[in-house]
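For reference, the structure discussed in these notes is given below.
Values in this text are rule-based calculations from the coordinates and carry no lab data. This one's a predicted model, so the numbers in the text were calculated from it and none came from an experiment. Cβ coordinates were reconstructed from backbone atoms using ideal geometry, including for glycine residues, and neighbour counts include every protein chain displayed.
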Amino acid sequence: MNQIKPQDNLISLSQFLIEEQLKLPYATGGFTALMNHLVYAAKIVSREVRKAGLLDNVLGATNQQNIQGETVMKLDDYADRIFTHALTICGHLCAMASEEQEDLIPIPEGYKCGKYTIAIDPLDGSSNIDSNVSIGTIFSIHRRRDIEAKTQGELEDILQPGHKQRCAGYIVYGSSTMLVMSMGTGVVGFTLDPSVGEFLLSHPNMKMPESGTIYSVNEGNYNYWSPEFQNYIKNIKSLEGDKPKTARYIGSLVADFHRNLLKGGIFLYPNDTKSNKYPNGKLRLLYEVAPMAFLAEQAGGVAVTVDGRRILDLTPSELHERSTMVVGSKKDVEHYLTFI
Ligand code: AHM
Ligand code: MG
């Protein structure tokens with residue numbers, strides 16, 4: 001028989017957001033409403049992901065490339081349209097940016113502009129879509145610089161340092177659909193109960209173990225890496241000292257990060273020092289690296305660039321800027337830092 005978690009834990013994400021709002025005397029409810037729109041879109045995307053193999057015209061690639069020259073999958077495009085629509089009309093954003101769209105996305109005419117911005121990777125790990133491997137959505141929310149303004153937001157409202165995020169999180173479409181988020185007071189995780197149609201609190205206080213046994217990196221790129229980075233990887237596999245670490249790499253950042261958050265370990269995406277393909281790493285600062293760094297720190301972990309700078313101190317200079325990332329359990333990242 002299924003064991004149901006204690007009744008006090010069965011709080012829905014909507015209830016949780018209202019309770020958090022009530023703790024802040026100055027809160028207007030705008031953030032809660034914005035989150036409700038995001039969650040609604042996430043449920044629709046989750047529904048489509050769950051039955052993707054059954055539907056015509058859902059799996060496979062479109063004939064377009066995104067701003068980064070990567071193939072856009074049909075589900076990438078679908079998720080992008082659902083999130084963009086649900087969020088830009090909610091009345092609480094002044095601008096939005098999506099990994100799939102070249103420019104800042106304005107609020108459509110006739111809709112109110114609010115005090116938040118959101119940067120979103122609508123469907124992360126899209127190379128895994130057709131093989132039914134976990135994929136995700138990543139989001140990062142900031143307050144605009146002038147919170148009284150009622151006008152469209154500007155680029156600078158979204159290009160803010162990671163430590164100023166009001167909220168960051170992801171949805172992982174895995175063996176169940178989970179939403180993990182932080183509003184700067186720790187990390188909480190909710191699991192979508194499809195029969196109720198609600199995300200229910202399943203992971204109240206997520207902490208990344210202080211150290212772990214897992215390392216996650218695309219080792220096929222070994223020959224592109226710097227000698228320091230290669231040395232580090234050789235060291236964690238060596239038979240001298242501690243047992244070698246275990247390699248786990250899905251190729252979906254959300255899924256790789258989520259596993260390491262629960263089990264401990266280190267995820268690395270370094271720069272490519274040999275070809276010119278990824279001189280600053282592959283991942284995008286605004287949509288992937290900064291939100292994951294925020295979650296990691298809130299869970300007791302550490303997130304730095306490959307040369308040891310704190311990710312949350314970086315200010316993006318353009319929407320699609322890339323950054324290297326080394327993120328994970330505190331002791332594992334500290335050990336990495338001794339190699340650079
Ligand atoms: P995407 O947002 O276009 O799907 O690309 C980002 C993905 C991450 O989810 C993942 O960590 C990384 O790319 C995998 O890259 P690689 O195939 O080079 O290992
Ligand atoms: Mg991505």
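Over what distance in Å are the Cα centres of the range 137-169 and the range 295-324 separated? Cα centroid of the range 137-169 versus Cα centroid of the range 295-324: 16 Å apart. Assuming charge only on the beta carbon of Lys and Arg (+1) and of Asp and Glu (-1), the dipole of the range 6-203 about its Cα centre is about 560 debye to the nearest 20. Residues Ile171, Ile18, Ile236, ranked from the fewest to the most other C-beta atoms within 10 Å, line up as Ile18, Ile236, Ile171.
Restricting the range 88-172 to trypsin sites (Lys or Arg not before Pro) that sit in a DSSP loop and have at most 11 other Cβ atoms within 10 Å of their own Cβ leaves Lys150. DSSP bridge analysis restricted to the range 167-272 gives an antiparallel fraction near 75%, rounded to the nearest 5. Projecting the Cα positions of Ala79, Ile214, Ala149 onto the charge dipole of the chain (unit charges on Cβ atoms of Lys, Arg, Asp and Glu, taken about the Cα centre) puts Ile214 furthest along the positive direction. Under the combined filter of DSSP loop state and at most 12 neighbouring Cβ atoms within 10 Å, the range 17-116 retains these GluC sites (Glu not before Pro): Glu102, Glu109. About its Cα centre, the range 214-337 has a charge dipole of approximately 320 debye under the convention of +1 per Lys or Arg Cβ and -1 per Asp or Glu Cβ, with nothing else charged.
Gyration tensor analysis over the Cα atoms of the chain returns equivalent ellipsoid semi-axes of 30, 23, 21 Å (largest first, whole Å). Let a ≥ b ≥ c be the square roots of the eigenvalues of the Cα gyration tensor of the range 6-203; is it rounded (a/c under 1.5), or, if not, prolate (a/b larger than b/c) or oblate? In terms of gyration-tensor shape, oblate.
Between Gln15 and Asn132, the FRET efficiency from the beta-carbon distance, with R0 = 51 Å, is close to 0.95. Sparse packing (at most 11 other Cβ atoms within 10 Å of the Cβ) combined with a DSSP loop state is found for none of the chymotrypsin sites (Phe, Trp or Tyr not before Pro) in the range 282-340. 3J(HN,Hα) couplings calculated from phi for the range 304-315 with the Karplus curve 6.51 cos²θ - 1.76 cosθ + 1.60 (θ = phi - 60°) are, in sequence order, 9, 7, 4, 9, x, 7, 5, 4, 5, 8, 7, 10 Hz; Gly and Pro show x. Given R0 = 45 Å, the distance between the Cβ atoms of Glu154 and Ser238 translates into a calculated FRET efficiency of 0.35.
Panel order for Thr151, Thr191, by other beta carbons found within 10 Å of each beta carbon, from fewest to most: Thr151, Thr191. Between Asp193 and His335, the modelled label-to-label distance comes to 4.0 nm, taking each label 7 Å out from Cα in the direction of the beta carbon. With axes computed from alpha carbons, what is the tilt in degrees of helix 13-22 against the longest principal axis of the chain, rounded to the nearest 10 within 0 to 90? Roughly 80 degrees, rounded to the nearest 10.
Taking other Cβ atoms within 10 Å as a rough exposure proxy, Arg284, Arg50 sort from fewest to most as Arg50, Arg284.
Remark: the range 277-282, residue by residue, has Karplus-estimated 3J(HN,Hα) of 5, 10, x, 10, x, 8 Hz, where x stands for each Gly or Pro and the curve is 6.51 cos²θ - 1.76 cosθ + 1.60 at θ = phi - 60°.
For the range 214-337, the convex hull drawn through the C-alpha positions has a volume of 100 cubic angstrom per residue. Estimated from helical segments only, the mean residue ellipticity of the chain at 222 nm is -8000 deg cm²/dmol, where each DSSP H run of four or more residues counts as -39500 (n - 2.57). Partner lysines whose Cα lies under 22 Å from the Cα of Lys51, excluding those fewer than 8 positions away in the same chain, are identified as Lys43, Lys74.
Please report the antiparallel percentage of DSSP beta bridges with both residues in the range 6-203, rounded to the nearest 5. For the range 6-203, the DSSP antiparallel bridge percentage is about 85.
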